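Student: My questions all concern the structure below.
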Amino acid sequence: MADAFKYNIADVIKCKSCGADMVFDPASQKLRCPYCDITRDIEKRVPHIRDFETERKQGGVAFDGDTYKCPNCGGETEIHGFDTAVKCPFCGGTNVIKLEDMKGLKPDSVLPFALTKETAVDAGRKWIKKKFFAPSKLKKNFTIDKFHGVYIPSFAFNSKTFSTYDGRFGEDRTRTVQTKDGPKTEHYIEWYHVSGNWNRFFENTMVEASTQIRQDELNKILPYDMNNATAYTREYLAGFSAERYDTSLDDSFGTAKTEMNSMIRREIINHYNPDHVDYLNVNTTFSDVKFRHTLLPLWICGYMFKEKIYRFLINARTGKATGKVPKSPLKIAMVVLGILAIIAAIVCIIAFGGNAE
């Protein structure tokens, strides 16, 4: 599957009672042992926030290769790029690598999973059923073939903005004019120019930092309740996967600026509420830029239909979903025929109405 995520086990925390691997339990927000059911609290701390210009000067986003020792056989493995865990090439054992030990920006905060796997599956079924063009057979027999809980890397940007703008807007108007046949109502657009300043503070503008998920996909499952994010600690990753960011800080802020500029443009237009926009030029300066490297929780669901794999993403805090679904040719054909029938009926009414006069 070309657009699949690369999954890696993020971390392992042993149960002090039985020695089994503990996992983070979204329902209780605690570490839980799946065998003896013992739980352990996780300390919550206020997340650190970084200064954008400082990090750029320090070059804190670069990655280099590193060598790590396998905890099972002692063999050494070289890690490049953005891997967070690998299998030892010598013994096949899992080489668990803590994010704290790797170069590059460490996560500042993590937003823990809130939806259990069962709840996410139910949200997925509801999402599929709402898709009108999805085949009825899929809705009836929907089953998930692959299901993964993964933390995706993101940058949450804060910024002050100051914008100057100028543009030409229009309002729909009517007026009565005299013609040889008498008074007639005429429709026209009354154009006017606008200009001014616009101040705005943006907080937690979320930008994906992975090549495995697109910004438009992230936007469709936003918002994430970032007020509930806590300082990063590896306990929240236990039992889940964590992907490492592979988008530069500059590129990520470029995406954030695009998102902010779009919001500023919409707000200016909404302020005047025109009927028409001829043009609108907006020039924005960004200052006091801060950011957090944040891990966001996501359920990735893959399913098969007619021997083809599809996937959808679920916000693991809210259950909001997005993704691709197959479309039923029969349903599409029926809708097209229905529209054509309506158009034909309207044409007949007009034609017969004209003949009657």
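Student: Can you name the strands (runs of 3 or more DSSP E) wholly within region 18-124 that have at least 3 residues being over 22 Å from the mean Cα position of the chain (by Cα) and at pLDDT 90 or above? Lay out the reasoning, then the answer.
Tutor: Numbers: elements: 21-25, 30-32, 66-69, 76-79, 85-87, 94-96.
The qualifying strands (runs of 3 or more DSSP E) are 21-25, 30-32.
Student: Tell me which residues, restricted to region 219-277, are of a type in the set (S, T, N, Q), part of a loop (DSSP other than H, G, I, E, B) and within 19 Å of the chain's Cα centre (by Cα).
Tutor: Across region 219-277, the qualifying residues are THR247, SER248.
Student: A follow-up question, please. Can you name the number of the only condition in (1) under 30 Å from HIS276 (Cα atoms); (2) free of Cβ contacts under 8 Å to residues at least 40 places away in the same chain that TRP191 fails?
Tutor: TRP191 satisfies every listed condition except (2).
Here is a yes/no grid of residues against (1) over 24 Å from ALA114 (Cβ atoms); (2) crowded, with 21+ Cβ neighbours inside 10 Å:
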{"site": "VAL194", "(1), (2)": "yes, no"}
{"site": "VAL207", "(1), (2)": "no, yes"}
{"site": "ILE213", "(1), (2)": "no, yes"}
{"site": "ASP225", "(1), (2)": "no, no"}
{"site": "ALA229", "(1), (2)": "no, yes"}
{"site": "GLU235", "(1), (2)": "no, no"}
{"site": "THR247", "(1), (2)": "yes, no"}
{"site": "THR255", "(1), (2)": "yes, no"}
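Student: Looking at (1) closer than 30 Å to LEU249 by Cβ; (2) not assigned by TED's automatic domain parsing to the domain that holds SER262, can you tell me which one ILE342 breaks?
Tutor: So the condition that ILE342 fails would be (1).
Student: Right, another one. Find the residue count for region 210-223, including only residues that are within 14 Å of SER252 (Cα to Cα), in contact with a Leu (Cβ under 9 Å, 6 or more places away or on another chain) and at pLDDT 90 or above.
Tutor: 1
Student: Hey, among THR143, THR119, which residue is touching a residue at least 24 places away in the same chain (Cβ under 8 Å), surrounded by fewer than 13 Cβ atoms within 10 Å (Cβ to Cβ) and assigned by TED's automatic domain parsing to the domain that holds ASN270?
Tutor: Of the residues listed, the single one that is touching a residue at least 24 places away in the same chain (Cβ under 8 Å), surrounded by fewer than 13 Cβ atoms within 10 Å (Cβ to Cβ) and assigned by TED's automatic domain parsing to the domain that holds ASN270 is THR143.
The values are calculated or read from the model by the stated rules, or taken from the named source; none is laboratory data. Keep in mind the model is a prediction, meaning the values are calculated, not measured. Because the Cβ atoms are built from the backbone with ideal geometry, glycine has one as well, and the counts that use them run over all protein chains shown.
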